[in-house]
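Please read the structure below before turning to the comments.
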Amino acid sequence: MTNLDRYAVFGDPINHSKSPFIHHHFAEQTGQKLHYSAQQVSAEQFTTQLNDFFKQGGKGINCTVPLKEIACQAVDHLTHRAQHAKAVNTIIQQTDGSLLGDNTDGVGLVLDLTQNHQVSLRAGNILILGAGGATRGILAPLLARTPQQIVIANRTPSKAQQLALEFAHTVPIIGCGFSEIPGQKFDLILNATSASLSNQLPPLPDGLLNSQTTCYDLAYSNKATPFVLWSQQFTDKSLDGLGMLIEQAAEAFYLWRGIRPETQPIIEALANDRL
Ligand code: NDP
């Protein structure tokens, strides 16, 4: 077994994960000595594997589908953002040995939009498609940027309505089905459904966007997702979730190692890989 500090991403499936590549790049860039692996872990195996990992000296874990909600129950403490998200994607072992669950997805999205792509969220009119774990994770960081309004549209409308009720304290939020999306042009449309993973596009009404609208698919793929292809008909501001993946990883790396890596070099390296 390696003497290096050990980290891992747990998930199922996990074989296409870019996280080991990203974290090894961050380690090299910042002169940190660590090893990061991807481990196939099912929901049933999660608690045992998590405890074994830390008993054997592991330092930190990332969780991805389908483990983020279960991870909330498996840790000793939650940060505020993990409490809001009801999902954990980063686990940090504290000095007393207890496990702290955090969620870096929302901050990852906001950093990618605002710093890497200069998208202003303040006073913006935002449409979020989907009401699952990712939407839960991004709502609080988006609201902190004081948009004008957020509409959440979901295949199961009641889940969108529930999120609207839970989060609408400072900014008006509407929850609805796809066919009930208010007829207006949005400044930003976020696809937080998992439709792209099965090569599908949510059933969207006409007239939601113009050439000024930024469209962002949280999913990422080596080829354009159905949502990115759809949005490219109307706007040249079409993005996918690769930058979010890298920014959430940088935040996790910072929590573990106390040093913030630069993200631009790896964003460029992975973007070039797709050309
Ligand atoms: P969940 O399983 O929690 O939620 C899935 C959501 O997608 C639900 O709202 C579901 O609707 C909806 N949905 C699923 N299939 C369809 C479809 N065919 N048409 C319309 N709606 C559909 O997933 P997550 O919220 O965890 O993840 C959502 C997406 O975000 C995924 O693509 C994931 O890869 C991406 N993601 C990217 C990250 C990054 O770093 N770039 C980080 C986190 C997530 P219903 O409620 O009706 O079932």
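Each value in this text was obtained by applying a stated rule to the coordinates, not by laboratory testing. What you are looking at is a predicted structure, and each value in this text was computed from that prediction instead of being measured. Methodologically, a virtual Cβ is constructed for each residue, glycine included, from the backbone with ideal geometry; neighbour enumeration extends over all protein chains shown.
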Listed with the fewest Cβ neighbours within 10 Å leading, I70, I61 appear as I70, I61
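Suppose a student asked you for the relative contact order of the chain, using Cα pairs under 8 Å spaced at least 6 residues apart; what percent would you report?
Numbers: 548 pairs, mean separation 40.8, N = 275.
That works out to 15 percent.
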So if I take the centroid of the Cα atoms in segment 199-228 and the same for segment 87-121, what is the distance between those two points in Å?
24
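For segment 120-236, what is the convex hull volume of its Cα atoms per residue in Å³?
Details: hull volume 11.4 nm³, N = 117.
Convex hull volume per residue, Cα atoms: 97 Å³.
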Cα-based equivalent ellipsoid, segment 1-146: semi-axes from gyration tensor eigenvalues, Å
28, 18, 14
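With +1 assigned to the C-beta of every Lys and Arg and -1 to the C-beta of every Asp and Glu, and no other charges, what is the dipole magnitude of segment 14-136 about the Cα centre in debye, to the nearest 20?
Working: 9 positive and 9 negative charges, 42 e Å.
Roughly 200 debye, rounded to the nearest 20.
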Can you sort L129, L204, L209 from fewest to most other Cβ atoms within 10 Å of each residue's own Cβ?
L204, L209, L129
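Please report the antiparallel percentage of DSSP beta bridges with both residues in the chain, rounded to the nearest 5.
20
For the chain, give the magnitude of the charge dipole about the Cα centre (Cβ charges: +1 Lys/Arg, -1 Asp/Glu; no others), in debye to the nearest 20. Write out the running numbers ahead of the final one.
Values: 19 positive and 23 negative charges, 27 e Å.
Roughly 120 debye for the chain.
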How would H84, H23 line up from fewest to most surrounding beta-carbon atoms within 10 angstrom?
H84, H23
Classified through the alpha carbon gyration tensor (a ≥ b ≥ c as square roots of its eigenvalues; rounded if a/c is under 1.5, else prolate when a/b is larger than b/c, else oblate), segment 209-256 comes out prolate
Along principal axes, Cα extents of the chain, largest first, whole Å
58, 40, 32
